[in-house]
1. Which of 100, 155, 269 moves the most in a Gaussian network model of the chain with Cα springs under 10 Å?
2. Going by how many other beta carbons lie within 10 Å of each one, how would you line up 195, 92, fewest first?
3. Which label belongs to the value computed from this structure, given these candidates for Rg/Rh (Cα atoms, Kirkwood Rh): [x] 0.97; [y] 1.09; [z] 1.12?
4. Can you show me the helix-derived [θ] at 222 nm for the chain, built from DSSP H runs with n ≥ 4 at -39,500 (n - 2.57) apiece and divided by the number of residues, rounded to the nearest 500.
5. What distance in nm lies between label points placed 7 Å from Cα along the C-beta direction at residue 295 and residue 63?
6. Please compute the length gained on full extension between residue 218 and residue 156, using 0.36 nm multiplied by the number of residues separating them and subtracting their Cα-Cα distance.
7. Tell me, what is the percent relative contact order of the chain, built from C-alpha pairs under 8 Å that lie six or more residues apart?
8. How far apart, in nm, are the 7 Å Cα→Cβ label points at residue 288 and residue 114?
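None of the figures in this text is laboratory data; all of them are computed from the coordinates on show. Quick caveat, the model's predicted, so the values are computed rather than measured. Quick reminder, even Gly has a Cβ in these numbers, built from the backbone with ideal geometry, and neighbours come from all protein chains shown.
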């Protein structure tokens, strides 16, 4: 069986579209249709039910799809085993959450340049839902984002966790001593929008302790939230390591409070298919880099004294 035809079938099923599969494989829709017809002629049965307007896989087509996944995985393992990093080529479209940009992305890209000299990387910074959709549709090759990922066919690897903290400018006019949750919520809160994990966790704490929802300024931009906090406009609720530079330089300080919010968990995701061996190796490097750099960042934050307002 022609593996290229099998790859085309895999992507038509995965993406639910002949056109999207053609775009993913950088070919035309008629070429994809020819590959599917060739598979059906070789095997002697239909893999798609053509009586439906939508992509509908036949029972035998579903069985074939399971083996197509295995074939593609074996191909990836073979290429990864035989090819040295410096000889791998290609262009990878990498989606990244802003939290990663503010912490260890630079160190990661430096390592990519050293170890994968012939690989080009196009970086797209976006929100997790957009990154998930980009990987699912093939617009992105891989992504570093909040996990776990919504269920679709992809490889997912754990990267790191980020602890959320309450941060404010040294000139912030708050109370004196340790701040209770009720005291915290009496000030303007600077954080991510209401539909995001941090705000939902914060709101759950409000309900648990019977505290009214505070005034808030929300933004998807981490840089915006940090700048607003620096200007004394409120208390930022963000991953503390993303503000390490501001904390070390004395522009922001960690508030001393007993409140503990859930940590952010980040993962790397990618799909099988084009450049799968390269994506696997780049993900391995991301896992190693995240572990090493997060350890360094956490050591630095330990040396910063908590701010008692």
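1. Largest GNM mean-square fluctuation: 155.
2. Ranking 195, 92 by Cβ neighbours within 10 Å, fewest first, gives 195, 92.
3. After the calculation, the listed value that fits is [y].
4. Dividing the helical sum by the residues of the chain leaves -14000 deg cm²/dmol.
5. It is 4.9 nm.
6. 19.4 nm
7. The value is 22 percent.
8. 1.0 nm
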